[in-house]
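> Here you go, one structure.
The values are calculated or read from the model by the stated rules, or taken from the named source; none is laboratory data. None of these values were measured; they are calculated from a predicted model. No Cβ is skipped: glycine too gets one built from the backbone with ideal geometry, and neighbour counts run over all protein chains shown. These area figures cover heavy atoms from the full protein model, side chains too; ligands, DNA and RNA do not enter into them. Shrake-Rupley method; radii C 1.70, N 1.55, O 1.52, S 1.80 Å.
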Amino acid sequence: MSVAVDRDQAFLAAVRRVADEFAEPNADDVDRSARFPVEAIDALRQERALSAYVPVELGGGGVSFESLATACFELGRRCGASAMVFAMHQIQVVTIARHLDGSAWFESYLRELADEQRLVASVTSEVGTGGDMGRSVAALTPNGSGTGSFEKQAPTVSYGEHADDLLTTLRRAPDAEPGDQVLALTRAGQHSLEQTGTWDPLGMRGTCSPGYVVRAELGAEQVLPAPFAHAMPESMVPVSHILWSHLWLGIATDAFDRARAFVRASAKRKPGEPLPAAQKLSHVMSELSLLRAEVDSALRSFAEASEEPGRESLSTMATILRFNNLKIAASEQAPRVCQGAMAVCGIAGFKNDTSFSVGRHLRDTMSACLMVANERIHQTNAGLLLVAKEV
Amino acid sequence: MTDEVRRIVKEHGRLPVDVDSLPADADLYEAGMTSHASVNVMLALEDSFDLEFPDHMLTRDAFESISAISAALGQLLHQEAA
């Protein structure tokens, strides 16, 4: 137990240092130039943080999922884009690690990922699926002799150009139904990315997520043994929603911290004078508390459910609704906190070059409702609510 | 430092008595400083000495007298120098 706690603490200390020394000093430039946060990601590589969740016996850090979530929060406080790249990479690693099912190829892949600190991106969204991750158009097409290929039209691939490897959702075979999906891991050299769009968005600019046509050739062993229908509800969806919401909480927390610093600075200049901004700050804190409570409790629920044998409760309708609601609630609440912080700071918060600037925070969190569109999730929930009894 | 503390208590402590007449160890709350006024004293101290009181030092005792405030500041300044 204490070894595990030590590992978690050392990992978090390293992540906090990277956040302070590499993510924060470059956050504004990453945002302004819409460039990849190379300093923070390289520093995370140096700390072997990209394999933090890989089991120790496979050469990884063996840290807890809770620590990973906290790491996303800490990075989010300093640079939203760095945190998002880290979170999305970890979603792929956690999904692979939780669904190895004894696959020798994937075990050896995780070893290499740890050795070389390889960065994994995901190719899940697809043109023609209406934003439903549970359906694919592109299919894994056998070429004979145990190899296959695919071509996928992806409307966005976050940090696709900067990733070493890609984890892609595909139909199992050319004649498979849209929902009969697998996850395929391809390594640099096995796939090509043909960029189909530009990248000049409102926020999360450093994630560098234009569209691509992804083409790849791969061996049959590079398909994760677990069907995506299991990996999606048991890992990919709840893990995505938890890690994303932690980093959104981190961004909102920093916006609140800036608003608080603004109020304190005003109070110090004129002690004893009425300070309307102080009362506004109290409203922002109420909003932040709601966000924090939702994010914390979701993490606890997931940790408890993950310890059950078979992790069956993760596939129940009540649990699917629970983690869908985390995504919806956190993605709406985080920008609300940031906007409240801006109201506290006034023009000092609106300007991009003061120590109380919260424009980047507001813009970054506004991407939250689009990452798997909230209305798409409401549509799923609406269907479940027609049949689910225990919610 | 004690002179500066005395000046800030005088300006922001809103005491009904003349602060200059109080000994350094006189109880400021007994002399009429409200807890609201003590917050303003703290803010003014933070501004004047360019430091921040950590939450654990924000006790009633730390602001009880001019000498207690000076001692707390001394501890903070010493920590910053270390």
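> Please state the Cα pair-distance histogram of chain B with 5 angstrom bins from zero: what percent is in each bin?
3, 16, 32, 28, 15, 5, 2, 0
> Report, to the nearest whole %, how much of the accessible area of chain A belongs to carbon and sulfur atoms, 1.4 Å probe, protein only. Walk me through the intermediate numbers first.
Numbers: 8690 of 16290 Å².
Here it works out to 53 percent.
> Sticking with this structure for a sec: In bins 10 Å wide, starting from 0, what share of all Cα pairs of segment A:221-313 does each bin hold, as a percent?
Percent of Cα pairs in each bin: 14, 30, 22, 16, 11, 6, 1.
> Tally Lys and Arg at +1 and Asp and Glu at -1 over the other residues with C-beta under 9 Å from the C-beta of residue A:364: what net charge comes out? Please list the in-between numbers first.
Details: positive: A:205, A:360, A:363; negative: A:31.
Overall, the nearby charge balance is +2.
> Also, I was wondering about something else. Top mean-square fluctuation among A:138, A:43, A:188, Gaussian network model of chain A, C-alpha springs under 10 Å?
Result for chain A, Cα springs under 10 Å: A:188 fluctuates most.
> State, in angstrom, two size descriptors of segment A:76-172 derived from its alpha carbons: Rg to one decimal place and Dmax to the nearest whole number.
Cα only, segment A:76-172: 14.7, 49 Å (Rg, Dmax).
> Tell me which DSSP H helices of chain A clear both cut-offs, 30 Å or more of axial length from alpha-carbon atoms and a mean Kyte-Doolittle hydropathy of at least -0.5. Could the numbers behind the result be given before it?
Working: long enough: A:237-269 (48 Å, 0.22); A:276-307 (48 Å, -0.02); A:317-345 (42 Å, 0.47).
Helix filter hits for chain A: A:237-269, A:276-307, A:317-345.
> Hey, got the average number of other protein chain Cβ atoms within 10 angstrom for residues in A:265-275?
Working: counts 3, 1, 7, 9, 3, 4, 13, 10, 1, 0, 0.
The per-residue average across the peptide is 5.
> Within a Cβ distance under 15 Å of residue A:234, other residues only, what is the Lys/Arg minus Asp/Glu net charge?
Values: positive: A:98, A:311, A:322; negative: A:101, A:304, A:307, A:308, A:312.
Neighbourhood net charge equals -2.
> Leaving out same-chain residues fewer than 8 places away, which lysines sit with a Cα under 21 Å from that of residue A:351?
A:280
> Residues of segment A:159-267: accessible area per residue at 1.4 Å, in Å²?
Values: 3590 Å² over 109 residues.
Accessible area per residue: 33 Å².
> Between chains A and B, what is the buried accessible area in Å², counting both sides, with a 1.4 Å probe and ligands, DNA and RNA left out, to the nearest 100? Can you show the working numbers first?
Details: alone 16620 and 4780 Å², together 20780 Å².
So the buried area, both faces added, is about 600 Å².
> Right, next: If all Cα-Cα distances of the protein assembly as shown are sorted into 20 Å bins from 0 onward, what percent lands in each bin, rounded to whole numbers?
The distribution over the protein assembly as shown is 22, 48, 22, 8, 1, given as percents.
> For A:129, A:354, give the ranking by accessible area with the largest first, probe 1.4 Å.
Working: A:129 5, A:354 40 Å².
Correct descending sequence by accessible area is A:354, A:129.
> Over segment A:3-43, give the accessible area per residue in Å² for a 1.4 Å probe, as an integer.
Values: 2030 Å² over 41 residues.
Accessible area per residue, segment A:3-43: 49 Å².
> Turning to a different aspect of this structure: Quick one: work out the % antiparallel among DSSP beta bridges in chain A, nearest 5.
On the way: 24 of 30 bridges.
So the antiparallel bridges in chain A amount to around 80 percent.
> To continue, here is another question. Helix-only estimate, please: 222 nm mean residue ellipticity of the protein assembly as shown, summing -39500 (n - 2.57) across DSSP H runs of length 4 or more and dividing by its residues, to the nearest 500.
Computed mean residue ellipticity for the protein assembly as shown: -17500 deg cm²/dmol.
> Could I have the simple spin-label model distance between residue A:198 and residue A:350, label points 7 Å from Cα toward Cβ, reported in nm to one decimal?
Inter-label distance under the simple model: 2.7 nm.
> Classify segment A:164-258 as rounded, prolate or oblate, taking a ≥ b ≥ c as the square roots of the eigenvalues of its Cα gyration tensor: rounded when a/c is under 1.5, otherwise prolate if a/b is larger than b/c and oblate if not. Could you put the intermediate results ahead of the total?
Details: a/c = 2.57, a/b = 1.51, b/c = 1.70.
The shape class here is oblate.
> I'd like the distance between the alpha-carbon centres of segment B:2-22 and segment A:9-64, rounded to an integer number of Å.
Each part reduced to its Cα centre gives a spacing of 50 Å.
> Round to the nearest 0.05 the FRET efficiency obtained for residue B:48 and residue A:275 when R0 = 22 Å and r is the Cβ-Cβ distance.
0.75
> If we count every other residue with Cβ under 15 angstrom of residue A:105's Cβ, Lys/Arg +1 and Asp/Glu -1, where does the sum land? Walk me through the intermediate numbers first.
Details: positive: A:111, A:118, A:187; negative: A:101, A:107, A:112, A:165, A:221.
That works out to -2.
> Which lysines, on any chain, are close to residue A:389 with Cα under 24 Å apart, when same-chain ones fewer than 8 places away are left out?
A:327
> Further question: Take the alpha carbon gyration tensor of segment A:116-168, find the square roots of its eigenvalues, order them as a ≥ b ≥ c, and report rounded if a/c is under 1.5; if not, report prolate when a/b exceeds b/c, else oblate. Provide the component values of the computation, followed by the final result.
Values: a/c = 2.47, a/b = 1.05, b/c = 2.36.
Oblate is the answer for segment A:116-168, as a/c is 1.5 or above yet b/c matches or exceeds a/b.
> In nanometres, what is the gap between the two model label sites at residue B:35 and residue A:386, each 7 Å from Cα along Cα-to-Cβ?
With each label placed 7 Å out from Cα toward Cβ, I get 5.7 nm.
> Moving to a separate point now. Give me the number: length gained by fully extending residue A:147 to residue A:215, i.e. 0.36 nm times residue separation minus the C-alpha to C-alpha distance, one decimal in nm. Please list the in-between numbers first.
Working: separation 68, 0.36 × 68 = 24.48 nm, distance 1.38 nm.
Fully extending the segment from residue A:147 to residue A:215 adds 23.1 nm.
> Please give the contour-minus-distance gain from residue A:132 to residue A:376: 0.36 nm per residue of separation, less the Cα-Cα distance, rounded to one decimal in nm.
So the extension gain works out to 87.1 nm.
> If packing is taken as the average number of other Cβ atoms within 10 Å across a peptide's residues, how do A:321-333, A:166-178 rank, most packed first?
Details: A:321-333: 20.7, A:166-178: 18.2.
Peptide ranking by packing, descending: A:321-333, A:166-178.
> Calculated FRET efficiency, residue A:107 and residue A:316, Cβ-Cβ r, R0 35 Å, to nearest 0.05?
Efficiency, rounded to the nearest 0.05: 0.75.
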